[in-house]
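Notes for the one structure printed next.
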Amino acid sequence: MQNINWYPGHMAKTRRQLEEDLKLIDVVVEIVDARAPSACRNPDFEQLFKNKRRVIFLNKSDLASPPCTHEWMRFYAKQGISAVEYVSIGGQSKKLAITEIERAGEDILEKYKSRGISKTLRAMVVGIPNVGKSTFTNRIAGTSKAQVGDRPGVTRSKQWVKISPYLELMDTPGMLWARMDDLRSAHHLAYIGSIRDDILDVEELAADLLAELMALCPDALIRRYSKLSQEMSPAELLYGVCASRGFVLSKGVYDTERAARIVLDEFRAGKIARVTFEQPTDENEMAVQYEGKDI
Ligand SMILES: Nc1nc2c(ncn2[C@@H]2O[C@H](COP(=O)(O)OP(=O)(O)OP(=O)(O)O)[C@@H](O)[C@H]2O)c(=O)[nH]1
Ligand SMILES: [Mg+2]
């Protein structure tokens, strides 16, 4: 299996900063992309946040398959993990999100209250790049203070945002882990824009995305690119997109690079279908277990 070289230099610094800031915060708010909840879980987080209260937001659920999101919610509930299905753009309730974060830190507040101290709850918003941490923070705060963008690595330093006299959120830069050797997970992260396309071969990436979409939502895919059919190989699917859109460089030569970029762009813009690439499994169960001890 190829070892993918994907760890930008600034991420080691991000990790050190997160570790240092942990002492300032009461609750960890983990944002994952609902289309790839498994690939989005940074394995380093389990160790890093093992003594913290945590709540997971399955963000961008407007782009994911609703039955799959429900399955993930059941999966988290079964393990006693607080998880919330969420959409950070549009009209979803910020009150719901605030309530869930406050609930995660409830016992901490109670403990202070019993000592006669009224404390502001401090929460750190963490996750891998481009899952919507800054959009979520802005949504909850009702501001546009945190910079957002549809590419990985937009936020480069932490930022505190006051939500109310009782709650403050810290937006943080996206963090990956040092070693990735699972190509399928890496592809999922690239499809959702959490790692840069140029780390991988863009044509291979788009061809594999087409194959995964053909398995998950063939009708929607064929509606979008009419010359595709279910028996095509990944490479043939990419040629099929060229044929559907007339991407021809010269007679008989397809512009597969253009087709690859179009497929990735259209998928990310939610133009093909709402899909979830991963199902909960026993293996994930091991990975998401954590202890919420200590105050
Ligand atoms: N459809 C949809 N798009 C979203 C949602 N939340 C965020 N986005 C989009 O996702 C992109 C990335 O959002 P950011 O908030 O910059 O993501 P981030 O996690 O802060 O990214 P980094 O700072 O790069 O780590 C932007 O184009 C947002 O508009 C959501 O719930 N649904
Ligand atoms: Mg950000």
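The values are calculated or read from the model by the stated rules, or taken from the named source; none is laboratory data. Predicted model only: the values in this text are computed from it and were never measured. Glycine also receives a Cβ, built like all others from the backbone with ideal geometry; neighbour counts cover every protein chain displayed. Heads up: the accessible areas ignore ligands, DNA and RNA and are worked out on the full protein's heavy atoms, side chains in. Shrake-Rupley method; radii C 1.70, N 1.55, O 1.52, S 1.80 Å.
So how much slack lies between residue 120 and residue 150, counting 0.36 nm per residue of separation and subtracting their Cα-Cα distance, in nm? If you can, show how the numbers build up before the last one.
Working: separation 30, 0.36 × 30 = 10.80 nm, distance 3.17 nm.
Full extension from residue 120 to residue 150 adds 7.6 nm.
Which whole-Hz couplings ³J(HN,Hα) result when phi for each residue of region 46-56 is put into the Karplus expression 6.51 cos²θ - 1.76 cosθ + 1.60, θ = phi - 60°, listed in order with x for Gly and Pro?
With coefficients 6.51, -1.76 and 1.60, one gets 4, 6, 4, 10, 5, 9, 10, 5, 9, 9, 9 Hz.
Carbon and sulfur atoms: what percent of the 1.4 Å accessible area of the chain do they account for?
Working: 6780 of 13990 Å².
With neighbouring chains kept in place, the figure for the chain is 48 percent.
Report the per residue volume, in Å³, of the convex hull enclosing the C-alpha atoms of region 183-268. Kindly include the intermediate steps, with their values, before the conclusion.
Working: hull volume 7.3 nm³, N = 86.
Enclosed volume per residue, from the Cα hull, is 85 Å³.
Going through the cross-link list 52/145; 111/145; 78/145; 13/95; 78/271; 78/162, which pairs have a Cα-Cα distance over 29 Å in this structure?
Values: 52/145 26 Å; 111/145 32 Å; 78/145 36 Å; 13/95 33 Å; 78/271 33 Å; 78/162 33 Å.
With Cα atoms farther than 29 Å apart: 111/145; 78/145; 13/95; 78/271; 78/162.
Return the FRET efficiency for the residue pair residue 96, residue 257: r is the Cβ-Cβ distance, R0 is 30 Å, and the value is rounded to the nearest 0.05. Please report the intermediate quantities before stating the final value.
Details: r = 43 Å, r/R0 = 1.42.
The computed FRET efficiency comes out at 0.10.
Given a 1.4 Å probe, how much area per residue of the chain is accessible, in Å²?
Numbers: 13990 Å² over 295 residues.
Per-residue accessible area for the chain comes out at 47 Å².
Mind listing the long-range amide H neighbours of residue 121? Cut-off is under 5 Å, sequence gap 5 or more, other chains count too, H placed in the peptide plane at 1.01 Å from N.
Under 5 Å from the amide H of residue 121 lie the amide H atoms of 167, 168, each far enough along the sequence or on another chain.
Quick one: Karplus J couplings for region 144-152, per residue in order, coefficients 6.51, -1.76, 1.60, θ = phi - 60°, nearest Hz, x for Gly and Pro?
10, 5, 7, 6, 10, x, 8, 7, x
Estimate the FRET efficiency between residue 23 and residue 89 by the formula 1/(1 + (r/R0)^6), using the beta-carbon distance for r and 45 Å for R0, to the nearest 0.05.
Details: r = 32 Å, r/R0 = 0.72.
Efficiency, rounded to the nearest 0.05: 0.90.
Quick one: Karplus J couplings for region 162-175, per residue in order, coefficients 6.51, -1.76, 1.60, θ = phi - 60°, nearest Hz, x for Gly and Pro?
7, 9, 7, x, 10, 9, 10, 10, 10, 7, 10, x, x, 10
List the longest stretch of the chain that has no exposed loop site; here a site is one of the GluC sites (Glu not before Pro) assigned by DSSP to anything other than H, G, I, E or B, with at most 13 other Cβ within 10 Å.
Working: sites that count: 231, 291.
The segment 1-230 is the longest one with no such site.
State the extension gain, in nm to one decimal, for the chain segment bounded by residue 50 and residue 112, taking 0.36 nm per residue of separation less the distance between their alpha-carbons.
Values: separation 62, 0.36 × 62 = 22.32 nm, distance 2.13 nm.
Once the chain is fully extended between residue 50 and residue 112, it gains 20.2 nm.
With each pseudo-label sitting 7 Å past Cα toward Cβ, what's the residue 179-residue 81 distance in nm, one decimal?
It works out to 2.3 nm between the two label points.
5 Å is the cut-off here: which amide hydrogens, built 1.01 Å from N in the peptide plane, fall below it relative to residue 54, excluding neighbours closer than 5 in sequence?
It is 28, by chain and number.
To the nearest 20 debye, what is the magnitude of the charge dipole of the chain about its Cα centre, counting +1 on the Cβ of each Lys and Arg and -1 on the Cβ of each Asp and Glu? The partial results should precede the final answer.
Numbers: 42 positive and 41 negative charges, 269 e Å.
For the chain, the charge dipole is close to 1300 debye.
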